[in-house]
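S.K.: Here you go, one structure.
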Amino acid sequence: MPASLAAQLYARLSLDRRLGVKFIALAPATRAAWLAAAAGKKIDKKIGAETGAKKNDRKIFAAPRAPVNSDAPASAAAATATPAPLSPTAAPSPPISPTGEPLRQTEPRLTGDAEKLAACRAQFAEICACRACALGASRRQVVFGEGNLDARLMFVGDYPGKDEEFVGRPFVGNGGQLLTDIVEKGMKIPAGEVFLTTLVKCRPPGNRPLKPDESAACEQFLRRQIATVKPRVVVAAGQTAGQILSGRQEEIAALRGQNFKAGEATVVVTYSPVFLWQMRRKYGRGNDYDRQTWADIQRALRELETS
Ligand code: SF4
């Protein structure tokens, strides 16, 4: 399927979904094509894997419109640089595409300081080789995270979903677009100035809830990413990420509204973008969860301004 046709199909399906029309069943190669079109990548329909060419990278890496504030020139400059994919020094895991063919490991798209890039290269290689928990056996590929390594703001989801695992990038699909809107339209921060990742780097089968041993095994990678990026504020966008970063095994309702610490960073807990998107479909825009999330985002903005 030509990439332009795939993009049209994806746009039509998105429109249909907004209008409440059920999805039609898609063949794996077709699904792969429109998923990749959503991610701005060409597809080889024979193997259902990306070919590497990239037409329209998503907005998260668009040129910044304005810096977060005047004391962040380095991150603004870094956001304009071409993202530098990393190559793992260790052999990556052998992911499988929906068509049953090998799917190569997507390299994270990162910008920023050279030392931080080198540190991430080592971490990425470790994660690609990791089998410390059961998720290492079932994953198709790992999702390292992406964005600006000089970011003052980091978002941490719980784990990669099906679409994230397929394209090897965090926060894609409807939830990802909602997060981009929150960052760019709500926080007025260019999306290319943030760093996005997840607590756990491998997808749980069927998007089931994480088991405690899986969160515990993968926590070290997130801690090292935070230590490398050194953000001022970390938004834990999900209950499990909030629990791990706060050190408290409480419901998300109890974790919201408080500030925690992860290294030098302030941690703010809020709902996951996917959950928010589901609540919008159910209750419409401006529902209680939207309002609560906006309160959390304003808290994060205040911390950014004062830190
Ligand atoms: S989820 Fe984390 S700890 Fe488990 S195998 Fe994947 S990288 Fe390793």
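Readers should treat all values here as calculations from the given coordinates under stated rules, not as data from a laboratory. Quantities reported herein were computed from a predicted structural model and do not represent experimental measurements. Positions of Cβ are backbone-derived with ideal geometry, glycine not excepted, and every protein chain shown enters the neighbour counts.
S.K.: Test of understanding: what is the full-extension gain from R285 to R131, defined as 0.36 nm times their sequence separation minus their Cα-Cα distance?
M.R.: 51.4 nm
S.K.: If we count every other residue with Cβ under 10 angstrom of M154's Cβ, Lys/Arg +1 and Asp/Glu -1, where does the sum land?
M.R.: Net charge in that neighbourhood comes out at +3.
S.K.: Label-point separation (nm) for R104 and Q258, each offset 7 Å from Cα along Cα-to-Cβ?
M.R.: 4.6 nm
S.K.: Right, something else. Just flag the trypsin sites (Lys or Arg not before Pro) in segment 255-307 sitting in loop per DSSP whose Cβ has no more than 16 other Cβ atoms within 10 Å.
M.R.: Within segment 255-307, the qualifying trypsin sites (Lys or Arg not before Pro) (loop, at most 16 other Cβ atoms within 10 Å) are R285.
S.K.: Which entries of K116/K201; K185/K211; K201/K261; K116/K188 have Cα-Cα distances beyond 29 Å here?
M.R.: Going by Cα-Cα distance, K185/K211 fall outside the 29 Å limit.
S.K.: Okay, moving on. Describe numerically, in nm with one decimal, the distance between label points set 7 Å from Cα along Cα→Cβ at Q278 and at T306.
M.R.: Going by the 7 Å Cα→Cβ label model, 3.4 nm.
S.K.: Taking every pair of alpha-carbon atoms in segment 124-281, what share in percent sits in each 10 Å bin, from 0 to the bin with the longest distance?
M.R.: 11, 44, 38, 7, 0
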